[in-house]
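Everything on this sheet refers to the single structure shown next.
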Amino acid sequence: MGRGRAWISRAQMVYLYRDDRLERDPMQPIAITSETLNFDLLAKGQGHKFDHGHAVVMTGGAGRTGAARLTGRAALRIGAGLVTLAVPPAAQMEVAMHITALMLSRVAGPEALTELASDKRIGAICIGPGLGLKPAQAALVEAVLDSGKPCVLDADALTLIAQDPALRKRLGPHCVLTPHAGEFKRLFKGLSEDDATKVQQCLTAAQTAGAVVLYKGAMTVIAHPDGRVATHDSTADRAAPWLATAGAGDVLSGMITGLLARGFAPIKAAQYATWLHVEAARRFGPGLIAEDLIEEIPHVFAALNL
Ligand SMILES: NC(=O)C1=CN([C@@H]2O[C@H](COP(=O)(O)OP(=O)(O)OC[C@H]3O[C@@H](n4cnc5c(N)ncnc54)[C@H](O)[C@@H]3O)[C@@H](O)[C@H]2O)[C@@H](O)CC1
Ligand SMILES: Nc1ncnc2c1ncn2[C@@H]1O[C@H](COP(=O)(O)OP(=O)(O)O)[C@@H](O)[C@H]1O
């Protein structure tokens, strides 16, 4: 075990969060850097797999499951003890043929998803990557939101929420929304066209939605409805242009979901995942595709002496 760490209890984790350097000046935008993060929080102490959290990722239908499979694998690599893909019946064979360490649960509709999410051991849910945009998928998003579990809402879930005020009303600070610029524009109409800076736009969005918003891009901004804002600058000496590749956002969602399952608070999960995501991209370098990001995570952890 790295640095001889003992098992860390949930109570100790709460203490460690309070000790986090990113918390010191909560109302000011804070730069997410290796100086402001406390990497000891990422260490995996002793315990069995359920002590490290169980994450669920909803997949899309047949022929559309790749994005959620990336998400699920990233959640496992970041240290969640177990990850289950919730799979519509028509996609069950496709997903089963592609996974090994990931588990599969057949989910025929919102009732089945509600039942799966009600398992007390499920600590986090991700929905959106490759999901689809039909009313049946909106009902799945509703089931996730009604579960009250920490969740990551990405890709098609964001588009569905943008189209449906009833879904928007169900958001809370336990939700992390991860829009790229196109999704941000759809979700927060008008906001992205005014003169406000990206920081102000993201903060207003978080306060409007009542949820944590991670506004993606080379400059990523993360805002909590209570006013906390953090920025991650991936330009200049932390440039990672190879992250502009299909599926990179699905991997980020998985990293956040895995950290949520491990017990990180939503804003912390978003901050740590953002730094690790760029770090993985920079370590891999040119030619990066989404799968490479996931396989680079262990090397990032090793370099951090975890
Ligand atoms: N391997 C896979 O199976 C992948 C599946 N994906 C899925 O494909 C579906 C569509 O995803 P899209 O992201 O294309 O979503 P959308 O089609 O909803 O959004 C893309 C649109 O937004 C505009 N846009 C503006 N700023 C943008 C920005 N910074 N980044 C990206 N687009 C921007 C684009 O011009 C484009 O018109 C989702 O279900 C998604 O999860 C993608 O995640 C890519 C990988
Ligand atoms: N030029 C860039 N520099 C740094 N990070 C980038 C750059 N382009 C994209 N990214 C990051 O890559 C990810 C892309 O996510 P997204 O646009 O949702 O892609 P996808 O939907 O294909 O998964 C985001 O985390 C974003 O911040």
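Worth pointing out:
- When Ala196, Ala206 are checked against the criterion of being over 19 Å from Leu140 (Cα atoms), small (Gly, Ala, Ser) and either open to solvent by 70 Å² or more (accessible area, probe 1.4 Å) or in contact with an Asp or Glu (Cβ under 9 Å, 6 or more places away or on another chain) (or both), a single residue qualifies: Ala206.
- Cβ-Cβ contacts under 6 Å between residues 6 or more apart (or on different chains), taken from a first residue in the range 22-44 that is farther than 18 Å from Ile297 by Cα to a second residue that is surrounded by fewer than 16 Cβ atoms within 10 Å (Cβ to Cβ) and modelled with pLDDT under 90, are listed as Thr36/Arg21.
- Residue that is nearest to Gly72 (Cα to Cα), among those in the range 296-306 that are touching a residue at least 40 places away in the same chain (Cβ under 8 Å) and open to solvent by 10 Å² or more (accessible area, probe 1.4 Å): Pro298
- Output for the range 56-86, where each listed residue is over 23 Å from Ala302 (Cα atoms), open to solvent by less than 10 Å² (accessible area, probe 1.4 Å) and among the aliphatic types (A, V, I, L, M): Val56, Val57, Met58, Ala68, Leu85, Ala86
- Of all residues in the range 195-216, none satisfies the criterion of being charged (D, E, K, R) and under 15 Å from Lys169 (Cα atoms).
- Residue check, Thr235 buried (at least 16 other Cβ atoms within 10 Å of the Cβ), β-branched (Val, Ile, Thr) and over 13 Å from the mean Cα position of the chain (by Cα): no
- Looking at Ala239, Ala265, just one residue is more than 15 Å from ligand 2 (Cβ to nearest atom) and at pLDDT 95 or above, and that residue is Ala265.
- In summary, strands (runs of 3 or more DSSP E) completely within the range 114-207 and bearing 3 or more residues that are more than 16 Å from ligand 2 (Cβ to nearest atom) occur at 122-127.
- Screening Tyr215 with (1) out of contact with any His (no Cβ under 9 Å at 6 or more places or on another chain); (2) without any contact (Cβ under 8 Å) to a residue 40 or more places away in the chain; (3) not small (Gly, Ala, Ser) gives one miss only, at (1).
The values are calculated or read from the model by the stated rules, or taken from the named source; none is laboratory data. Please read all numbers here as calculations on a predicted model, not as lab measurements. Heads up, the Cβs are rebuilt from the backbone with ideal geometry, glycines too, and the neighbour counts pull from every protein chain shown. Please note that ligands, DNA and RNA were not included when accessible areas were found on the heavy atoms of the full protein model with its side chains. Shrake-Rupley method; radii C 1.70, N 1.55, O 1.52, S 1.80 Å.
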